[in-house]
Amino acid sequence: MNLTVLLYFGGFSLILTGFYGVLTGKNLIRVILALGIMEAGVNLLLVTTGFKPKAIPPIIVKSFKTLSLPNFADPLPQALVLTSIVIGFGITALSLALIVKYNEENGTIKMDEVENSEEVVE
Amino acid sequence: MNQVILLIAIPLLVAFSMPLTGKLFPRVSKVIALLTLLFEAIWAGFILFNTKGAVSVVIGGWLPPFGINLVVDHLSGVVAFVVSIVVLFSIFFQLSSGLSKKPNFYMLSLLLVASLMGIIFTGDLFNLFVFFEIAGISAYSLIASGKNSNSSNGALGYLIPASVASVFYLVGIALIYSTLGTLNIAQIASSFSSVKPILATFIAFSLLTLVLLEFEIVPFNSWVPRAYQGAPSSISAIFSSGLALASGYVMLRLGVIVFNGGQGGFIRTGSFELGHALFGIGVITVIAGEIAALAQKDVKKMLAFSSVGQMGMVLVAFSIGTHSSIYGGIFALISHSFAKLLLFLTAGLIIMKTGKSKYTQWTGIARCSPLFGVLMLIGSLGVIGIPLFSGFWGKFAIIGSTVVLGKIGFIATTLILAASVVEGFYFFRLVHTMFETGEEKVPKVKANFAFWLISSLLVAVIVALGLRPGIIDGRLKKIPGELIGNAESGYVQAVNKQLKGSKK
Amino acid sequence: MMDFILPAIVIGPVLIGLLSFLFPRKMQWILFFLTNIVLLGAVFYIRDRQNLFFLFELSYFPVNKLTMGMAYSQLGWFFLAISTVATLLFSAFSVGFNDKKHATAIAPLWLILVGASNGIFMAHDWLWFFIVWESMSWTSLLIIGHGRNKSFKAGIFYYLLSLAGTFALLMSIWLIFRHTGNFEIGSGILFLAQASVRAPFYALVVLALFTLAFFTKSALFPFHMWPSLAHAEAPDDFSAYLSGIMIKYGIFGLLLVVIPVFAASPLHAFKAVSGVPLPLYFTGWISAVTAAWGTIMAIFSSDMKKLMAWSTVANVGYIGAALSTGTSLGYAAALFHTANHMFFKGAIFASLAAVKYRTGEREMHKLGGLAYVMPVTFITFLLGIIAAAGIPPLSGFASKWMIFQALFERKLVFQSTMIFFASTGAFLYLFRALHTVFLGQLPRRFAKVKEVGPFMSFSLIGLMVLMLIPGTAPGTLLKPINSVLGSMGFEQVKTGWFFVQGSTTAIDGGITTFAFVLAVAVVFLLFVLGGKKKKVEMLDNYTSGETPEDWNLTEERYHYGNKFYQPIEVLFKWVPLGAVEEKYRQFGNSLVRLGNLIHDFFQGHSAWGWQLVAGIALLIGLGVM
């Protein structure tokens, strides 16, 4: 088993673990944590797509004589992962804020305990 | 044409300056937000007017596939124009009704419109994901800004499944990048058939989960009733008429161009009949949505489920992938946007003024103020698809393209039409209740000038499209040709031409 | 010849209707009446101008060069003419009816409906037909469900059936379009006739869809229950229009599409039972059942408007049975009875509206003796039920006779028996209505009731004339009907002004009228010369001097019209007469329950990710299938 397969395997298993947490979690904080695990898994997966064994960082330094590219690691997935991490962070922060609001309104952070109220004023 | 980026950049700029200007000049900042939305509508209209065929626009001098490109064709032009109008009207309604005083609300709606424009114009799959996330973040916050106890519930109910689905989407992106080495939609489209069949199906599922979730397709759409009920009415209107429209657009683009390689006909990924699956799930959506709407007493929920049903019908049309079905689907989407916008805004105003959200409590409202009854009636007729109103022509084309598909098509058509009968029932029930003479005395509902302006414009659009589909027919009929086949003006060709240019 | 008079008779009323929303109510009704006068002129102006048409092109992508519009046809003109005449009289009635106390705001909608109705009769292609058909449906829903909760339930039931019908129409239109490439009615019929040999299953499906659309509109079995709800609950003056004209759209549709297809398809295309193609034979049975069913339900009704609505159902059954014989005598009989029913049922509903206008009552056993105070209304109603019962010399006799002749010609024993049963039963309920409403004793509270005003009287008298003339001189209607049959390529019926030739025998309207007048004169003479007469007070004979109030009973209980046919009701107890309605209701309830289930699925909080799993599983399942 080489490293790439291991990384792919790790990514998918993290996603599935997180997904299991989302499916079974009743506590909202737990669900958000599980979501975080899923995001970590997918980030790993994204990085892995740019992974090459024995690659060098994709930075052009003066020692390269020509533009015939050496064994660079693919830079694009890393850019994607950065974006993805930032988005994941934003989502987590927002959802925690929402949970605070939810707790203020319903007095709980468990989903099943709250019945949907019918009144709407706006 | 090159200035399409302004549609995304300007609202983003204004949105991010909003916290500052909102602190300093709260009144002015609202006006600025509204002017920005007006600019969006005008600019989108200008772009649509000048569209001759698909054009790819490079951002920041980085040629695709390294940079990100925006693609303008008739489809994206039309959809962007409708979305910008929808957002403009809803926010204008919200502003004039004096409900949301805080500048943050307008900041979030500007973010939403910017991301919707991004979703529509972008030519890159990852960029699409980013815009979906921005749209999501602003949508969750906007739902939570509602003033009822369902707001945070609705927001969380939307956030969690959408985040899970976006993880799936990222998995799809990772797989596409590792097999094809590009994320440019047009480039993927031209080489997607070389992907191994099983993998292609897997990728299609991963991407479609998020798109179908936003497109309100059963059973991905459990967020719909909660979010619609929790959000302010103008935001519900944007969801139904803007977000769903944009997601339907992505569904069409991904389905027809990427997965099917622009061949037309039912989508196939390898040996898997994805088109048949989408067709079936669309029919299920129509039935489930309409029947669920039948059981609702809450008007906003009823309208939400009605949107679900309509989106199911559009998905059926898109999955068939013939010229006439795509035309019908887009027509239906656009007319649904206008009609549902009218319904949501009118219902929102009535709920706001009377504080009653169930249709059973609406008895006699139209006795005192008949024009509201008429507005609801016209909106309903537009949604149901009664002749002389806009919904008819879309539904007419869709039925025409499903009924000819043999035995399965015949059964599906029957089911869709049976669901439409149910739809007719609950809409007329709603309208009639408003005209009933109730026992209690009902206060007269009054609306301001802004509402009458918006609603009369929408009525004019609904009736005009119904009487003369030819007004938008000239642009709409070019869309199927740009999607299907290898016409010179097509989407994929336009981008590929640019790619070849970049290789020199 | 391209002419704007055809669109004018459709768009004119619609525009006037939309405009009249701005006027006060009294003005609306006068405008309605005036428009109908102009329409009558226009309709007779276009008579026999065979090549009149109005077509326009629409830019609509899936169909290249979509033309739609209207064209003159003899069949359409016949329907247009009789409906316009009837509408004019109804509108005159409405002008009187809608005073301050009874005013409804339906005049603008009614105008739109009249426009749509004209459009249906003059349709040239399916698209136009569909558009005006659907416009007619929802405007009539708004009129029927006008304001009151109960009437809406009736209206929405009607509309649901009608919507199902229009969607069936939509499907069949596309199924034809797929092969012919246009929406023209004529080429569609020709194509279906050819297809009946090559692809009989396809042709049958399309025809069945058409028939479904027209059956729902005309309230044939199993859609026979909506008139009893809708006609009864509609605004009183509108019921006449609903029962007289709107129920005939389905008949028009059958004559427009289904009958020509059977006539044009080769003889061997369908199996035949006693000379009738099997599908037609089947519709004949349905019609016969409808006739019998409507009659039985009418006998049991105590509400006079409901009773007449069921009678309408029975009459549509007769018409359907006549159409289903597939002979030109049958078609002529159907057209003739359509026209007659339009006038006599219009007259009956108008006179009932007049009764309700003056008394405010609908239950028959609360009325009685109104003949003394409302003579014109009484005579109209009397003539109406004579015509409805098919007694010479009024119009219903000649057409019912022709229906029987057509059935005899094909030797359709079962259908003849059912129709015969129905028209005997008609005597029962019509007599009851006449007797309990107009004869007997006048309740004291109605002693001061007056005859209706001049507008309504004018309308009633006009309707009387229209019932009398075709009865005495059937040729007045049968000659135009002959030209309709001729234009559709059928054999014509042998008829003179007074004389009609059936399949077994012939009748002469002149002689029957003469005999009838003579008989009435003799009876009247005997009545005048006969013994002493004494007026009896209402409560004299029933209560033997006791006052019912002492036992907490109301006068109505003592009215002999109360539970009039209870013995017959007992007799029919085993027949599940309300079964179809019950099935529909159950279906509706289970739909709502299903909707709640689906909603609960959405609302379930623990379904965070499961719906995604379910969705993907569903996609895989459907794709593999």
Provide the solvent-accessible area of C:Phe427, counting protein heavy atoms only and rolling a 1.4 Å probe, rounded to the nearest 10 Å². 100 Å²
Rounded to a whole number, what % of the accessible area of chain B do carbon and sulfur atoms account for, probe 1.4 Å? 68 percent
Fraction of the pair-distance distribution of segment C:150-513 above 27 Å, Cα-Cα pairs, percent: 46 percent
Say the dipole of chain B comes from +1 at the beta carbon of Lys and Arg and -1 at that of Asp and Glu; which of B:Gly312, B:Ile462, B:Thr354 then lies farthest toward its positive end? B:Thr354
At q = 0.09, 0.15, 0.16, 0.22 Å⁻¹, work out log10 I(q)/I(0) for segment B:46-168 with the Debye formula, treating every Cα as an identical point scatterer and leaving solvent out; two decimals please. -0.32, -0.81, -0.90, -1.26
Karplus (6.51, -1.76, 1.60) ³J(HN,Hα), θ = phi - 60°, over segment B:330-342, in Hz, Gly and Pro reported as x: 5, 4, 5, 4, 5, 5, 5, 4, 5, 5, 6, 4, 4
Output the Cα-based Rg and Dmax of segment A:3-106 in Å, rounding Rg to one decimal and Dmax to a whole number. 18.6, 66
At least 20 Å² of accessible area lost relative to the chain alone, listed for segment C:43-81 with a 1.4 Å probe: C:Leu58, C:Ser59, C:Tyr60, C:Phe61, C:Pro62
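Within segment B:412-504, report the GluC sites (Glu not before Pro) that DSSP leaves as loop and that have at most 13 other Cβ atoms within 10 Å.
Hits after loop and neighbour filter: B:Glu439, B:Glu440, B:Glu488.
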Of C:Ala309, C:Leu256, C:Ser483, which is farthest on the positive side of the dipole of segment C:150-513, counting Cα position, with +1 on Lys and Arg Cβ, -1 on Asp and Glu Cβ, and the Cα centre as origin? C:Ala309
Expressed in angstrom, Rg and Dmax over the Cα atoms of chain C are 25.8, 94
With every protein chain in place, the accessible area of C:Thr424 for a 1.4 Å probe, in Å² rounded to the nearest 10, comes to 70 Å²
How large is the helix-only mean residue ellipticity at 222 nm for chain B, computed as the sum of -39500 (n - 2.57) over DSSP H runs with n ≥ 4, divided by its residue count, in deg cm²/dmol to the nearest 500? -24000 deg cm²/dmol
Averaged over peptide B:205-214, how many Cβ atoms belonging to another chain are found within 10 Å of each residue's Cβ? 2
Add -39500 (n - 2.57) for each DSSP H run of 4 or more in chain C, then divide by its residues: what number comes out at 222 nm, to the nearest 500 deg cm²/dmol? -22500 deg cm²/dmol
Roughly what percent of Cα-Cα pairs across the protein assembly as shown reach past 46 Å? 42 percent
I'd like the accessible area for C:Thr505: 1.4 Å probe, protein heavy atoms, all chains in place, Å² to the nearest 10. 60 Å²
In segment B:409-437, whose amide N lies under 19 Å from the spot 7 Å out along Cα-to-Cβ of B:Cys368? List them in ranges. B:431-437
Can you sort C:Trp285, B:Trp393 by solvent-accessible area, 1.4 Å probe, largest first? C:Trp285, B:Trp393
Taking H placed 1.01 Å from N in the peptide plane, check which residues at least 5 places from A:Asp74 or on another chain put their amide H under 5 Å from its amide H. A:Lys52
Amide H contacts under 5 Å for C:His102, placed H, 5+ residues apart: none
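Compute the accessible area per residue over segment C:150-513, keeping the other protein chains in place, probe 1.4 Å, unit Å².
That works out to 29 Å² per residue.
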Under unit Cβ charges (Lys, Arg +1; Asp, Glu -1), what dipole magnitude, rounded to 20 debye, does segment A:3-106 have relative to its Cα centre? 420 debye
Residue-averaged beta-carbon neighbours from other chains (10 angstrom radius) around C:588-594: 3
Along each principal axis, Cα extent of segment B:2-503, largest first, Å: 72, 62, 41
Please state, to two decimals, what the Cα-based radius of gyration of segment C:371-439 comes to when divided by 2.2 N^0.38 Å (N = residues). 1.30
Solvent-accessible area per residue, Å², over segment B:2-503 with all protein chains present [probe radius 1.4 Å]: 28 Å²
How big is D, in µm² s⁻¹, for segment C:579-624 by Stokes-Einstein at 4 °C and 1.567 mPa s if Rh is the Kirkwood radius over C-alpha pairs? 101 µm²/s
Shielding of C:428-440 by partners, i.e. mean partner chain Cβ atoms within 10 Å per residue? 0
Taking a probe of 1.4 Å and leaving out DNA, RNA and ligands, segment A:3-106 shows per residue an accessible area in Å² of 56 Å²
Given a cut-off of under 8 Å on Cα pairs at least six residues apart, what relative contact order in percent is computed for segment C:150-513? 16 percent
Counting only backbone N atoms under 19 Å from a point 7 Å out along Cα-to-Cβ of A:Leu6, the residues of segment A:18-49 in range are A:41-49
With all distinct Cα pairs included, what does the Kirkwood hydrodynamic radius of segment C:76-234 come out to in Å, to one decimal, could you say? 17.2 Å
Could you name the lysines whose alpha carbon sits less than 21 Å from that of B:Lys477, not counting residues in the same chain fewer than 8 places away? B:Lys52, B:Lys395, C:Lys65
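Give me the accessible area buried between chains B and A, both sides summed, with a 1.4 Å probe, in Å² rounded to the nearest 100. All intermediate terms of the calculation are to be shown ahead of the outcome.
On the way: alone 18730 and 9240 Å², together 24220 Å².
In total, this chain pair buries about 3800 Å².
Nearest 20 debye, what's the magnitude of the dipole of the protein assembly as shown about its Cα centre given +1 on Lys and Arg Cβ and -1 on Asp and Glu Cβ?
Here the size comes out at about 820 debye.
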Rounded to the nearest 20 debye, dipole of segment C:150-513 from Cβ charges on Lys, Arg, Asp, Glu: 580 debye
Mean Cα-pair separation over length for chain C, i.e. relative contact order, pairs under 8 Å, 6 or more apart, %: 12 percent
Say the dipole of segment A:3-106 comes from +1 at the beta carbon of Lys and Arg and -1 at that of Asp and Glu; which of A:Leu82, A:Gly50, A:Met38 then lies farthest toward its positive end? A:Gly50
For B:His323, C:His102, the accessible-area ranking with a 1.4 Å probe, largest leading, is B:His323, C:His102
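Roughly how many percent of the accessible protein surface of segment A:3-106 is carbon and sulfur, given a 1.4 Å probe and a whole-percent answer?
For segment A:3-106, the apolar C and S fraction of the accessible surface comes to 74 percent.
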Which percent of the Cα-Cα distances in segment B:298-353 go past 15 Å? 52 percent
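I want the antiparallel fraction of DSSP beta bridges within the protein assembly as shown, as a percent rounded to 5.
Details: 24 of 26 bridges.
Given both bridge residues lie in the protein assembly as shown, the antiparallel proportion sits at roughly 90 percent.
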Return a whole-number percent for the relative contact order of segment C:1-103, with Cα pairs under 8 Å and 6 or more residues apart as the contact set. 34 percent
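The values are calculated or read from the model by the stated rules, or taken from the named source; none is laboratory data. Every value quoted in this text rests on a predicted model; they were computed, and no experiment measured them. So basically every Cβ, Gly included, is an ideal-geometry build from the backbone, and we count neighbours across all protein chains shown. These area figures cover heavy atoms from the full protein model, side chains too; ligands, DNA and RNA do not enter into them. Shrake-Rupley method; radii C 1.70, N 1.55, O 1.52, S 1.80 Å.
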